[in-house]
């Protein structure tokens, strides 16, 4: 199996450990990740989608044509990128008039949207194409972690179009997290947004932080060791945003944050170095210490 | 008080004041004690504008004692509150004879320039949404499920139901000039729960497109737009990440527009053709925002 690997912005330009873990994981799974050379920002739905639909769809369609030329589906591990690319792909496939309008723009750069591939999310590929059993087999050391799963918004919604899982009470990500041995802990208002999207983080950080604080309060009440997400923007919001919440509200939150790819990386036995956990503002050490404790227990008894 | 000022106050004032401000706005949904207070506000007026005005009016006539007595009676039913309302008018009237005449004639606390008339309706604005394929706008029956589930509405003046209604009515100026329009994170909770399956987030984005066209754009958003024009990325790479990428063997630059200048040119051509450069005021010659 081959897939066109769409990077986006925040993962590759801020948290490269997510990209590294993904490349190692897919290598083990025997799925070839092909680089989409010259791809750009998806572009961000909150800024471009809110400003000018035509520009937004044109840039997204340009990215899609790169994968069309490669003859394979696109995979992204960012909810925002997934939202922009999936939505544009569907829109242009269904609305021939709008497709004509966008292709007029694309013809100026020698491209044409054909509409012959699909846009997929990393988590959905793992769940549907690889399967939980195979993932479980890969796990080198089961992770003894209590985890707050954060779905984010643009992975499952709008559910009428995306149709991956129930948008109010999904299980797909919890199942994936638990395939590593970690436990997904229920918490209040789990499906709530992190607060970063829709251009809000850039425009009104105070409102964004108020969202994030509510999430952190609820996660903390549930007593988790870490937050697991599937979107680098949510990831950034829980990592950088957590320090901002502490500063603004005088709280002292220190909940490590992992992208699902990094969590799977830990389960494969990758070190924090490769996962670039040192690029996180929130120290991952407490969660890692719990893992080491557990493995000591096992070997100590042998 | 404008929406912007309220929001500012929300974050800058001491806690006690903020709570007061919230209940003023009918925002305090988390405190059951205040429900009667909310009810009162609703019977008193149906829109934020009239609400603002009514409280301002009372302050103007220095009937603060009346407001206090109303606050004390917040546990009582709305019939009593209506009486309190009458009391306000009586006191106002006794103090300001001119106002009495005006109010008697108009039977409203709204000033002329605050009343919505058909002149405020821009049918073309409504048509924009229909033409954009968001026909579902027309079947909204204002149940409020959207606002009820909105995480932004819990903390900001953003009211989805009101936005949908205003778009349907064609109240263009109200919609595009409202800062709260930008308080939506596009989380889709409203849309997922809408019993009429209205594409609410599409409405929000379309309304924002119109607001952007009319010049209501935050400098921070223009800046993000300019990053994409300059680098192809909304969040471009930095030195620290280059080092990290090298360390884990990914190569200093990702295989994106960062690595392929001709690809970046394609993106720049697109933003120029679609008019995005002009929209955000990006000057291609200087390579900066104007």
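A compact table of results
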item: Test for residue B:167: is it in a helix (DSSP H, G or I) and closer than 21 Å to residue A:151 by Cβ; result: no
item: Subset of the range B:209-226 (residues that are surrounded by 17 or more Cβ atoms within 10 Å (Cβ to Cβ), facing chain A (nearest Cβ under 8 Å) and in a helix (DSSP H, G or I)); result: B:209, B:212, B:221, B:224, B:225
item: Given (1) surrounded by 21 or more Cβ atoms within 10 Å (Cβ to Cβ); (2) within 22 Å of residue B:225 (Cβ to Cβ); (3) within 11 Å of chain B (Cβ to nearest Cβ), index of the condition residue A:231 fails; result: (3)
item: All helices (runs of 4 or more DSSP H) inside the range B:56-163 with 1 or more residues being touching a helix residue (DSSP H, G or I) at 6+ places or on another chain (Cβ under 7 Å) and at pLDDT 90 or above; result: B:123-131, B:145-149
item: Criterion violated by residue B:230 - all others in (1) closer than 15 Å to residue B:278 by Cα; (2) free of Cβ contacts under 8 Å to residues at least 40 places away in the same chain; (3) not assigned by TED's automatic domain parsing to the domain that holds residue B:185 satisfied; result: (2)
item: Residue list for the range A:261-284, filter: on the phi > 0 side of the Ramachandran plot and in contact with a helix residue (DSSP H, G or I) (Cβ under 6 Å, 6 or more places away or on another chain); result: A:276
item: Hits in the range A:13-37 (condition: in contact with a strand residue (DSSP E or B) (Cβ under 7 Å, 6 or more places away or on another chain) and facing chain B (nearest Cβ under 7 Å)); result: A:35
item: Subset of the range A:186-207 that is within 19 Å of residue B:224 (Cα to Cα) and more than 8 Å from every other protein chain (Cβ to nearest Cβ) - its residue that is nearest to the chain's Cα centre (by Cα); result: A:201
item: Which numbered condition residue A:160 misses (of (1) crowded, with 19+ Cβ neighbours inside 10 Å; (2) within 11 Å of chain B (Cβ to nearest Cβ); (3) more than 18 Å from the chain's Cα centre (by Cα)); result: (1)
item: Number of positions in the range B:181-208 that are more than 10 Å from every other protein chain (Cβ to nearest Cβ) and touching a residue at least 60 places away in the same chain (Cβ under 8 Å); result: 3
item: Unmet requirement for residue B:278, which otherwise passes all of (1) at the interface with chain A (Cβ under 9 Å from one of its Cβ atoms); (2) closer than 24 Å to residue A:102 by Cα; (3) within 31 Å of the chain's Cα centre (by Cα); result: (1)
item: So residue A:177, is it assigned to a helix (DSSP H, G or I), away from chain B (no Cβ under 14 Å), touching a residue at least 12 places away in the same chain (Cβ under 8 Å) and under 24 Å from residue A:285 (Cβ atoms); result: yes
item: Boolean, residue A:254 is more than 12 Å from chain B (Cβ to nearest Cβ), surrounded by fewer than 19 Cβ atoms within 10 Å (Cβ to Cβ) and either under 24 Å from residue A:192 (Cα atoms) or in contact with a strand residue (DSSP E or B) (Cβ under 7 Å, 6 or more places away or on another chain) (or both); result: yes
item: From the options A:150, A:154, residue that is at pLDDT 95 or above and closer than 22 Å to residue A:4 by Cβ; result: A:154
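The values are calculated or read from the model by the stated rules, or taken from the named source; none is laboratory data. A quick note: this is a predicted structure, and the numbers were derived from the prediction, not measured. We place every Cβ from the backbone using ideal geometry, glycine too, and count neighbours over all the protein chains shown.
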